[in-house]
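Reviewing the structure listed below.
Readers should treat all values here as calculations from the given coordinates under stated rules, not as data from a laboratory. All figures in this text were calculated on a predicted structure; none of them were measured in a lab. As a convention, Cβ positions derive from the backbone with ideal geometry for all residues, glycine included, and neighbour counts pool all protein chains shown.
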Amino acid sequence: MRALFPGSFDPATQGHLDVARRAAALFDELVVCVFTNPQKTGRLALPERLALLAEMTSDLPNVTVDSSTGRLLVDYCRAHGIGVIVRGTRTKRDLEHELPMAQMNLRLSGIETLFFPADPVHGHISSTVIAATARR
């Protein structure tokens, strides 16, 4: 079975890598996909994010890296034969944000979402925190 691990990955973190490793161990193939919003400006350019993710996951033979712009997750999943969406959650707030989307994705397409709770070692790290620290 193929699974999708979507995100902005701006930048990718060790927490993202942890989720990718854990998901890759459960699925035949994991697609780590950078979803970009044309209305938003990222900190890292798309090619940088893709290169970083490819480097971070290079030791995982069943992981591929891709990108998509302006599509619903379920549309991407249907187009690529993906049956499961993987999401990492660090806090109750993350789950409150992700749960309604997972429910809508299930309702729209029958595609399940699998939540991976953050490893406590990485749970306090977010792309926002990394970006803020880098600007110091």
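Summary of computed values
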{"item": "Segments classed as strands (runs of 3 or more DSSP E), wholly inside the range 2-113, with at least 2 members that are among the β-branched types (Val, Ile, Thr)", "result": "29-36, 63-69, 84-89"}
{"item": "Hits in the range 30-47 (condition: surrounded by 15 or more Cβ atoms within 10 Å (Cβ to Cβ) and in contact with a Gly (Cβ under 9 Å, 6 or more places away or on another chain))", "result": "VAL32, CYS33, VAL34, PHE35, THR36"}
{"item": "Pairs, first over 15 Å from SER67 (Cβ atoms) in the range 18-42, second acidic (Asp, Glu) and not in a helix (DSSP H, G or I), C-beta under 7 Å, six or more apart", "result": "ASP18/ASP119"}
{"item": "Residues of the range 45-72 satisfying the condition of being of a type in the set (A, V, I, L, M), touching a residue at least 12 places away in the same chain (Cβ under 8 Å) and over 30 Å from LEU108 (Cα atoms)", "result": "LEU52, MET56, LEU60"}
{"item": "Matching residues in the range 36-85 - criterion: being charged (D, E, K, R) and over 13 Å from PHE9 (Cβ atoms)", "result": "LYS40, ASP59, ARG71, ASP75, ARG78"}
{"item": "Residues located in the range 61-112, provided they are of a type in the set (A, V, I, L, M), surrounded by 17 or more Cβ atoms within 10 Å (Cβ to Cβ) and more than 13 Å from the chain's Cα centre (by Cα)", "result": "VAL74, ILE82, ALA102, ILE111"}
